[in-house]
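Engineer: Encoded as structure tokens, here's the structure I'll be asking about.
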Amino acid sequence: MDAWLRRGGLVVTASERAARAIADAFHRARRAEGLTAWETPKIQDWNRFVRSACLERAAEVRLVLNPTQEQALWAEIAAADGRLATLLEGPRYRLAALAMEAHGLLCSHAPRFLRAPARAGWQNDAAAFSRWLAAFDEACRAARLLSAARIPWELLTVLEAQRGLDRSPLLLAGFDRILPVQRAVFDAWGEWREAAAPAAAGRVNFYRTSDDKAELAACARWCGRKLAAEPDARILVVTQDATTRRGEIERAFLGLTGPGDPPVFEFSLGVPLGQIALARAAALLLRWLSGPLAEHELDWLFSTGHAGGDIEESAALQAHMRWLRARGLEQPSWSISGFLGGIPSERRQRPEMAAWIERMTRASRQLDGARRQPRTPLDWAALAPQVLAEMGWPGGRPLSSAEFQAGERWQLALETAGSLGYDGRRLDWRDFLSLLARTVEETLFAPESRDAPILIAGPAESAGLTADAVWFLGATEDAWPAGGGTHPLLPVEVQREAEMPHATPQLDWDLAETITRRLLASADEVNFIYGGQTAGAETRSSRLIANLAGQPEPMPEGLAPRSGAEPSTILVDESADVPHPLGQVAGGASVLTAQSQCGFKAFATARLGAQGWNAAEAGLNPSQRGQLLHDVLHSVWAGPPRGIRSHAELRNIGDLNAFVSNHVETVFKETLRSALRERMPARYLHLEEDRLTRLVTGWLEYETARVPFEVLETEAGHTVELAGLSFRLRLDRMDRLSDGSVLVIDYKSGDVSPKSWDPPRPDDVQLPLYAGFALEESQELGGLTFARVRAGDLAFAGCVGAPAATLFSDLKGVSALAKNAMTGEKLWDWKESIEQLARDFVAGRAEVDPRDPPRTCDRCGLHTLCRIHENRIALSAPDDGFESEEDDE
């Protein structure tokens, strides 16, 4: 092949990747000869060859449709047919893609069916496709359009008309199978032949491992050793799972290089452009101008830095999102006008925020002016970059090489979407965004090749590639030969007769055998490998590969998986505690609760300011519902003029439901934030008021059965000094009981139990902390209780000294309250454990040591900081327990 190219011969390859690989090898050979300049070799992939040859020789000029244009034309034809599957845009375009694929199969395998009479007997879905194909042909003739799938037949017509002319002979490379249309074109061209296959590999191995993870690890380990011994070696890794296992494959091969070093591998196929941060940020910004973005999308957008003009703006936007969440102002989605309008004046005046607001406002106005009437896709494609530039995209920081290439690919996707205006159609902005979104998702992006020594490719993409060594992953019976179904829009008998892909199992076997033999001749050493388990299911080795490479053997000792799991993190023994400064501690009792649950949780939340992240909900979330419950009960027991203060006053209320309803209505008006009220339907809020009224009414009816009591405090604030720290506590309620003692009450709407106070590591320290350190000397503790206020389960749960005498006179001795009496010994144990927790917090004890794994970890939300899962901590659920809520403060 090298000699052929040096003589100026033309090489036609099966794929663009093969053309680049042959060109790279040609250039390396010239550099090895000491040359500094040479003629560009004549290498073209099949698609480029037929397109350029057709355009050079065709007498009639016709517009060649790109995939976006052709899919839109098929979608219009399918919609005109009136089938239910075409009513919605998504299914309509998926059906159009299937029709394009069926048309391509006919062009490449069975061209006689391109004529309508040959399709006369087709039925059902095939008959519908036949009608669409007839309409497609008519539309192309009327508008002088040409499908890319028809280019080879157009070229064939030209070649047959120019029969007898001398043309450069062709050398074919990388064709696993020459399709009928390709053979017809080559025969009409003149002299052609396939490149001679090199000799089969001298060393062929077939290995088995325990599972698919072990086979990947073994391959990566072998490649690392090969490159260490031969730095100039080139390795081809073939896998059918490059798309689904891309992240796993990257992690395995990234281990071959040190931090900061360029990767020694690259993939032959790219990823959808919509998965690239730069392109996705651009698409989200354009969509935000005309509609809302989900909050998680907005969080992601601000985190990329592509939505701000510089680093300061990006930091300010992220800080504002945290500010919104800290005040409970999160929303499931944000319109641009709602987001800008919700920025308070003091924040709007900051320079970094003011500049961003001004740009976003100008971009919104610019688009609003353009959206007043439909425009051609080309007009929208020209406007989009202007609007993005106004908004500050792609950001203020310098772009990396890959990001710069992604930006160019994004511009190409814009131009492709704009090309839909070839027929003068006009679209509104939303339709153009939908078109652009499809184009971006269907556009693959891969950074330009770095000529890395390891290339990861699929079996088909590896055609025409050579290397010093080949590794074939996933050589299982189910995966190789690769199976597939027949095309749903073409008759099965037509597909079998034309030997279309997956028409019969034998065709799949023959193609896989051809690819396997080609791989065996692509390198001096070829290794096949398979795992005995995939996704937990037992697998067997590929019979096809066993026929060609022999039966699988165990992995060599040096490549076998190491015993035990490989650590995902580097463990560092860090024993230096950082003491906490004495004084006021924000967070109140929740700090000591966190210290008891896990030392690291207290350190992260109280000292690092870390917070868990919960998605915003369309309605009231559990925290907001709980706060409304607290506010209503506080309003009820707040005393005159609207509330009550004693058991006697409660019993004297005539219409308890109306009394509670008034308090609920007042709380909703006075405490529910206007931002929440405005985005929720009035009917929904009315139903929430009714629900809360019934719940609180039920609770007050439960309390009417109590022994007479008096409410001393509600929502009262107290300060506790402990171990040199000052904790600000807020108590839900404190009652004076009939014997003069006090009962400390904490409202809960979840499943709670006094077991959460058990030392030495209580799961909730708020009430024991208050009872042990906040009561006045004159106050005698009568008990601590959770007031469990939830529908169908209204009860006190806690420890009371004399519950039958002070709480419920009819209390039975077998009840939990009677059996769990309040004692001085219990109070002393609480105080000791809480003092120890405070000393541990002051000392900086921050071990990752959950109190009750995995339950403690499941409700923490800080896993990315403590890395508990990576540290392989064994988490096992206990036999019994309870689920407590977060502290009130």
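Engineer: Filter region 38-63 down to the residues that are part of a helix (DSSP H, G or I), open to solvent by 40 Å² or more (accessible area, probe 1.4 Å) and not basic (Lys, Arg), then identify the one that is nearest to residue 422 (Cα to Cα).
Structural biologist: 55
Engineer: Right, next: Can you pull out every residue in region 317-327 that is out of contact with any Lys or Arg (no Cβ under 7 Å at 6 or more places or on another chain) and either within 16 Å of residue 278 (Cα to Cα) or open to solvent by less than 20 Å² (accessible area, probe 1.4 Å) (or both)?
Structural biologist: Pass one, region 317-327, residues out of contact with any Lys or Arg (no Cβ under 7 Å at 6 or more places or on another chain): 317-319, 321-327.
Hits for region 317-327 are 317, 321, 324.
Engineer: Which of the following residues is closer than 17 Å to residue 635 by Cα, open to solvent by 80 Å² or more (accessible area, probe 1.4 Å) and of a type outside the set (Gly, Ala, Ser): 678, 670? Walk me through how you get there before you give the answer.
Structural biologist: Numbers: 678 fails: closer than 17 Å to residue 635 by Cα.
Sole residue among the options that is closer than 17 Å to residue 635 by Cα, open to solvent by 80 Å² or more (accessible area, probe 1.4 Å) and of a type outside the set (Gly, Ala, Ser): 670.
Engineer: Related question: Kindly evaluate residue 609 against the criterion of being in a loop (DSSP other than H, G, I, E, B) and modelled with pLDDT of 85 or more.
Structural biologist: yes
Engineer: Of all residues in region 798-814 being open to solvent by 20 Å² or more (accessible area, probe 1.4 Å) and of a type outside the set (D, E, K, R), which is nearest to residue 746 (Cα to Cα)? Break it down into steps so the answer makes sense when it comes.
Structural biologist: Looking only at region 798-814, we keep the residues that are open to solvent by 20 Å² or more (accessible area, probe 1.4 Å), and these are 801-802, 804-805, 809-814.
Those still in the list that are of a type outside the set (D, E, K, R) too: 801-802, 804-805, 809, 811, 813-814.
Values: 801: 17, 802: 19, 804: 20, 805: 21, 809: 22, 811: 21, 813: 24, 814: 24 Å.
In this case the residue turns out to be 801.
Engineer: If a residue has to be open to solvent by less than 40 Å² (accessible area, probe 1.4 Å) and of a type outside the set (D, E, K, R) to count, how many in region 21-37 make the cut?
Structural biologist: Let us first name the residues in region 21-37 that are open to solvent by less than 40 Å² (accessible area, probe 1.4 Å), namely 21-23, 26, 29-30.
Still in the running and of a type outside the set (D, E, K, R): 21-23, 26, 29.
Total satisfying the criteria: 5.
Engineer: What pairs come out if I take residues in region 323-350 that are at negative phi and pair them with residues that are in a loop (DSSP other than H, G, I, E, B) whose C-beta lies under 6 Å away, six or more apart or interchain?
Structural biologist: Once the first residue is at negative phi and sits in region 323-350, its partners that are in a loop (DSSP other than H, G, I, E, B) give 324/330; 330/616; 331/616; 332/616; 332/618; 333/292; 334/292; 335/292.
Engineer: Go over the candidates 274, 308, 260 one by one and state the one that is under 18 Å from the mean Cα position of the chain (by Cα) and farther than 30 Å from residue 621 by Cα.
Structural biologist: Numbers: 308 fails: under 18 Å from the mean Cα position of the chain (by Cα); 260 fails: under 18 Å from the mean Cα position of the chain (by Cα).
Every option except 274 fails the conditions.
Engineer: Select from region 434-463 the residues that are touching a Lys or Arg at 6+ places or on another chain (Cβ under 6 Å) and of a type outside the set (Phe, Trp, Tyr) and write down the one among them that is nearest to residue 528 (Cα to Cα). If you could, list the steps in order and put the result at the bottom.
Structural biologist: Filtering region 434-463 for residues touching a Lys or Arg at 6+ places or on another chain (Cβ under 6 Å) gives 445, 453, 461.
Keeping just the survivors that are of a type outside the set (Phe, Trp, Tyr) gives 453, 461.
Values: 453: 19, 461: 17 Å.
Only one residue fits best here, namely 461.
Engineer: In this structure, does residue 132 turn out to be among the hydrophobic types (A, V, I, L, M, F, W, C) and either crowded, with 20+ Cβ neighbours inside 10 Å or at pLDDT 95 or above (or both)? Reasoning before the result, please.
Structural biologist: Numbers: among the hydrophobic types (A, V, I, L, M, F, W, C): yes; either crowded, with 20+ Cβ neighbours inside 10 Å or at pLDDT 95 or above (or both): yes.
Taking the combined requirement at face value, the residue satisfies it.
Engineer: Condition first: open to solvent by 30 Å² or more (accessible area, probe 1.4 Å), modelled with pLDDT of 85 or more, part of a helix (DSSP H, G or I) and of a type in the set (Gly, Ala, Ser). Can you find one or more residues in region 8-17 that meet it?
Structural biologist: Scanning region 8-17, I find no residue that is open to solvent by 30 Å² or more (accessible area, probe 1.4 Å), modelled with pLDDT of 85 or more, part of a helix (DSSP H, G or I) and of a type in the set (Gly, Ala, Ser), so the answer is no.
Engineer: Here's something else I'd like to know. I need the full set of residues from region 281-308 which are in contact (Cβ under 8 Å) with a residue 60 or more places away in the chain and under 20 Å from residue 411 (Cβ atoms), in order please.
Structural biologist: 281, 282, 283, 285, 286, 287, 289, 304, 305, 306, 307
Engineer: Would you be able to tell me the number of residues in region 127-183 that are among the acidic types (Asp, Glu) and within 30 Å of residue 419 (Cβ to Cβ)?
Structural biologist: Initially, region 127-183 is screened for residues among the acidic types (Asp, Glu), giving 137-138, 154, 160, 166, 176.
Next, only the ones that are within 30 Å of residue 419 (Cβ to Cβ) stay: 137-138, 154.
Residues meeting the conditions: 3.
Engineer: Do you know which residues across region 818-854 are open to solvent by less than 60 Å² (accessible area, probe 1.4 Å), touching a residue at least 24 places away in the same chain (Cβ under 8 Å), part of a helix (DSSP H, G or I) and not acidic (Asp, Glu)?
Structural biologist: Result: 826, 827, 830, 831, 833, 834, 837, 838, 841, 842, 843.
Engineer: Right, residue 477: closer than 24 Å to residue 279 by Cα and either surrounded by fewer than 21 Cβ atoms within 10 Å (Cβ to Cβ) or at pLDDT 90 or above (or both) or not?
Structural biologist: On the way: closer than 24 Å to residue 279 by Cα: no; either surrounded by fewer than 21 Cβ atoms within 10 Å (Cβ to Cβ) or at pLDDT 90 or above (or both): yes.
Taking the combined requirement at face value, the residue does not satisfy it.
Engineer: Would you tally the residues in region 284-300 being under 20 Å from residue 399 (Cβ atoms) and surrounded by fewer than 21 Cβ atoms within 10 Å (Cβ to Cβ)? Quick ask: steps written out before the conclusion?
Structural biologist: Residues of region 284-300 that are under 20 Å from residue 399 (Cβ atoms), as a first pass: 284-286, 300.
In the following step, the residues that additionally are surrounded by fewer than 21 Cβ atoms within 10 Å (Cβ to Cβ) were identified as 284, 300.
Counting residues in region 284-300 that are under 20 Å from residue 399 (Cβ atoms) and surrounded by fewer than 21 Cβ atoms within 10 Å (Cβ to Cβ) gives 2.
Engineer: Now, a different point. For region 510-517, check the following and say yes or no: at least one residue is modelled with pLDDT under 95, within 30 Å of the chain's Cα centre (by Cα) and open to solvent by 40 Å² or more (accessible area, probe 1.4 Å). Quick ask: steps written out before the conclusion?
Structural biologist: Initial filter on region 510-517 (modelled with pLDDT under 95): 510-517.
Still in the running and within 30 Å of the chain's Cα centre (by Cα): none.
No, the conditions are met nowhere in region 510-517.
Engineer: When both residues are 6+ apart or on different chains and their Cβ atoms are under 6 Å apart, which pairs have a first residue that lies in region 578-589 and is of a type in the set (A, V, I, L, M, F, W, C), and a second that is open to solvent by less than 80 Å² (accessible area, probe 1.4 Å) and not in a strand (DSSP E or B)?
Structural biologist: 578/844; 582/724; 585/591; 589/765; 589/766; 589/769; 589/887
Engineer: Can you spot a residue in region 743-761 that is more than 47 Å from the chain's Cα centre (by Cα), closer than 18 Å to residue 710 by Cα and modelled with pLDDT of 90 or more?
Structural biologist: Initial filter on region 743-761 (more than 47 Å from the chain's Cα centre (by Cα)): 743.
Those left that are additionally closer than 18 Å to residue 710 by Cα: 743.
Adding the requirement that they be modelled with pLDDT of 90 or more leaves 743.
Yes: one or more hits.
Engineer: I'd like the full set of residues that are hydroxyl-bearing (Ser, Thr, Tyr) and closer than 13 Å to residue 555 by Cβ, limited to region 206-256. It would help to see each step written out before you state the result.
Structural biologist: To start, the set of residues in region 206-256 that are hydroxyl-bearing (Ser, Thr, Tyr) comprises 207, 209-210, 239, 243-244.
Selection gives 207, 209, 210.
Engineer: Across region 612-638, what is the total count of residues that are assigned to a loop (DSSP other than H, G, I, E, B) and free of Cβ contacts under 8 Å to residues at least 40 places away in the same chain?
Structural biologist: Step one: of region 612-638, the residues assigned to a loop (DSSP other than H, G, I, E, B) are 612-621, 637-638.
Still in the list and also free of Cβ contacts under 8 Å to residues at least 40 places away in the same chain: 621.
Matching residues across region 612-638 total 1.
Engineer: Hey, another quick one. Just one of the numbered conditions (1) within 29 Å of the chain's Cα centre (by Cα); (2) open to solvent by less than 60 Å² (accessible area, probe 1.4 Å); (3) in contact (Cβ under 8 Å) with a residue 40 or more places away in the chain is not true of residue 484; which one?
Structural biologist: Residue 484 satisfies all of (1) within 29 Å of the chain's Cα centre (by Cα); (2) open to solvent by less than 60 Å² (accessible area, probe 1.4 Å); (3) in contact (Cβ under 8 Å) with a residue 40 or more places away in the chain except (3).
Engineer: Okay, moving on. Any residue that is under 30 Å from residue 280 (Cβ atoms) and surrounded by fewer than 22 Cβ atoms within 10 Å (Cβ to Cβ) - is there at least one of those in region 490-507?
Structural biologist: No; the residues of region 490-507 include none that is under 30 Å from residue 280 (Cβ atoms) and surrounded by fewer than 22 Cβ atoms within 10 Å (Cβ to Cβ).
Engineer: Let me ask something additional. When you go through (1) modelled with pLDDT of 90 or more; (2) not in a helix (DSSP H, G or I) one by one for residue 68, which number turns out not to apply?
Structural biologist: It is condition (2) that residue 68 fails.
Engineer: Quick one: how many residues across region 353-378 are over 16 Å from residue 285 (Cβ atoms) and surrounded by fewer than 16 Cβ atoms within 10 Å (Cβ to Cβ)?
Structural biologist: The qualifying residues number 5.
Engineer: Here are some conditions: (1) of a type outside the set (Gly, Ala, Ser); (2) at pLDDT 95 or above; (3) farther than 22 Å from residue 767 by Cβ. Residue 670 meets all but one. Which one does it not meet?
Structural biologist: (2)
Engineer: Right, another one. Condition first: over 22 Å from residue 721 (Cβ atoms) and more than 26 Å from the chain's Cα centre (by Cα). Can you find one or more residues in region 604-613 that meet it? Working first, answer last.
Structural biologist: Step one: list which residues in region 604-613 are over 22 Å from residue 721 (Cβ atoms), which gives 604, 608-613.
Cutting the leftovers down to more than 26 Å from the chain's Cα centre (by Cα) gives us 608.
Yes, region 604-613 has at least one match.
Engineer: With region 218-322 as the region, which helices (runs of 4 or more DSSP H) entirely inside it contain at least 1 residues that are in contact with a helix residue (DSSP H, G or I) (Cβ under 6 Å, 6 or more places away or on another chain) and farther than 20 Å from residue 529 by Cβ? First the steps, then the outcome.
Structural biologist: Working: elements: 246-254, 277-288, 295-304.
In region 218-322, 277-288, 295-304 are the helices (runs of 4 or more DSSP H) which contain 1 or more residues that are in contact with a helix residue (DSSP H, G or I) (Cβ under 6 Å, 6 or more places away or on another chain) and farther than 20 Å from residue 529 by Cβ.
Engineer: If you don't mind, there's one more thing I want to ask. Return only the number of the condition from (1) on the phi > 0 side of the Ramachandran plot; (2) open to solvent by less than 10 Å² (accessible area, probe 1.4 Å) that residue 86 does not satisfy.
Structural biologist: Failing condition for residue 86: (1).
Engineer: Residues of region 162-210 being part of a helix (DSSP H, G or I) and surrounded by 16 or more Cβ atoms within 10 Å (Cβ to Cβ), which ones? Let's see the steps before the verdict.
Structural biologist: Looking only at region 162-210, we keep the residues that are part of a helix (DSSP H, G or I), and these are 180-189.
Listed by number, the residues that qualify are 181, 182, 184, 185, 186, 188, 189.
The values are calculated or read from the model by the stated rules, or taken from the named source; none is laboratory data. Keep in mind it's a predicted model, so treat the numbers as computed, not measured. Methodologically, a virtual Cβ is constructed for each residue, glycine included, from the backbone with ideal geometry; neighbour enumeration extends over all protein chains shown. Please note that ligands, DNA and RNA were not included when accessible areas were found on the heavy atoms of the full protein model with its side chains. Shrake-Rupley method; radii C 1.70, N 1.55, O 1.52, S 1.80 Å.
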